[in-house]
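In what follows, a structure is listed as structure tokens, so that the remarks can point back to it.
The values are calculated or read from the model by the stated rules, or taken from the named source; none is laboratory data. All values reported here derive from a predicted model rather than from experimental measurement. As a convention, Cβ positions derive from the backbone with ideal geometry for all residues, glycine included, and neighbour counts pool all protein chains shown.
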Amino acid sequence: MGPTDTLTSAAVKRRWGRRVTGTRADDRKEEIRRRLEKARTRLFEAIGGLTEEQMRRRPGPGRWSVAEVMAHLPVWERQVLRQADSLRQVAGLTVDFPSQVEREEAAGRGRRLPPPGIVHDLVAARYETLTFLERVTARELDRRGLHQEEGDITVASVLTAVAGYEEEQVVRIQQLREELDLPVGEVGSALSTRQSKPSGRTAFTGMVNPP
């Protein structure tokens, strides 16, 4: 099976993080933005130096490859962002993460899309999230809803969960690299700048600009 989304109390804390409240709206937005950027940097570092073949390699039957882990992330992010937008408009809504079935379907894209296509979708989804963050107001950041594990949550904490979930997937990719005996020595320079470009059939080291 692929990675599950069952939340223990420890996982809830990692995903939702510290509540972003009590400061000026611009400061709160910047804190969320920094966490999103940090998670994204770690994600691209985690796949640094991998070839397309290595990204598609599975550790066993029914297990996700690195490409599949990567491919499900923009789908997950967009679904959660839609819920954040709904909560922004109507307080009191219930927020649920995508189901295991939905994540499995999204991961299947990793078997069809080339790695640059996966990266393009990741960057596009994050652009949508940052655009939403830019236009949301302080009052809307504090608009509250419900989550089955976390309980009372806000638009700000939903956005923070996007970064938290991505951080969890970084750990999964690192574990996959170890399990598959893929080299991890030069990840720091592999995705260091937005201007880097994919290098054909060699090691995948590129990012693309947002649309």
- Query: Which one of the conditions (1) farther than 30 Å from Arg135 by Cβ; (2) modelled with pLDDT of 55 or more; (3) surrounded by 15 or more Cβ atoms within 10 Å (Cβ to Cβ) does Arg42 fail to meet, given that it meets all the rest?
  - Reply: (1)
- Task: State whether one or more residues within segment 59-78 are over 15 Å from the mean Cα position of the chain (by Cα), among the small types (Gly, Ala, Ser) and at pLDDT 95 or above.
- Result: yes
- So Ala84, is it touching a residue at least 12 places away in the same chain (Cβ under 8 Å), closer than 17 Å to Glu128 by Cα and over 14 Å from the mean Cα position of the chain (by Cα): yes
- Message: Given the criterion in contact with a Ser or Thr (Cβ under 8 Å, 6 or more places away or on another chain) and either within 23 Å of Lys29 (Cα to Cα) or of a type in the set (A, V, I, L, M) (or both), identify the matching residue among Leu122, Leu81, Leu133.
- Response: Leu81
- Message: Cβ-Cβ distance below 6 Å, separation of 6 or more or different chains: which pairs start in segment 11-37 with a residue that is closer than 21 Å to Gly151 by Cα and modelled with pLDDT of 95 or more and end on one that is acidic (Asp, Glu) and surrounded by 13 or more Cβ atoms within 10 Å (Cβ to Cβ)?
- Response: none
- Would you pick out the residues in segment 62-79 that are crowded, with 21+ Cβ neighbours inside 10 Å and under 15 Å from Tyr165 (Cβ atoms)? Trp64, Val69, Met70, Ala71, His72, Leu73, Pro74, Trp76, Glu77
- Note on the structure: By residue number, the members of segment 146-159 that are in contact (Cβ under 8 Å) with a residue 40 or more places away in the chain and either assigned to a strand (DSSP E or B) or crowded, with 23+ Cβ neighbours inside 10 Å (or both) are Leu146, His147, Ile153, Thr154, Val155, Ala156, Ser157, Val158, Leu159
- Message: Cβ contacts < 8 Å: first residue on the phi > 0 side of the Ramachandran plot, restricted to segment 45-68; second residue of a type outside the set (Gly, Ala, Ser) and in a helix (DSSP H, G or I), any location; separation 6+ or different chain. Result?
- Response: Gly49/Val187
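Residue-wise test of (1) more than 16 Å from the chain's Cα centre (by Cα); (2) not polar (S, T, N, Q).
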{"residue": "Gln100", "(1), (2)": "no, no"}
{"residue": "Val119", "(1), (2)": "no, yes"}
{"residue": "Thr129", "(1), (2)": "no, no"}
{"residue": "Glu134", "(1), (2)": "yes, yes"}
{"residue": "Ala138", "(1), (2)": "yes, yes"}
{"residue": "Arg143", "(1), (2)": "yes, yes"}
{"residue": "Asp152", "(1), (2)": "yes, yes"}
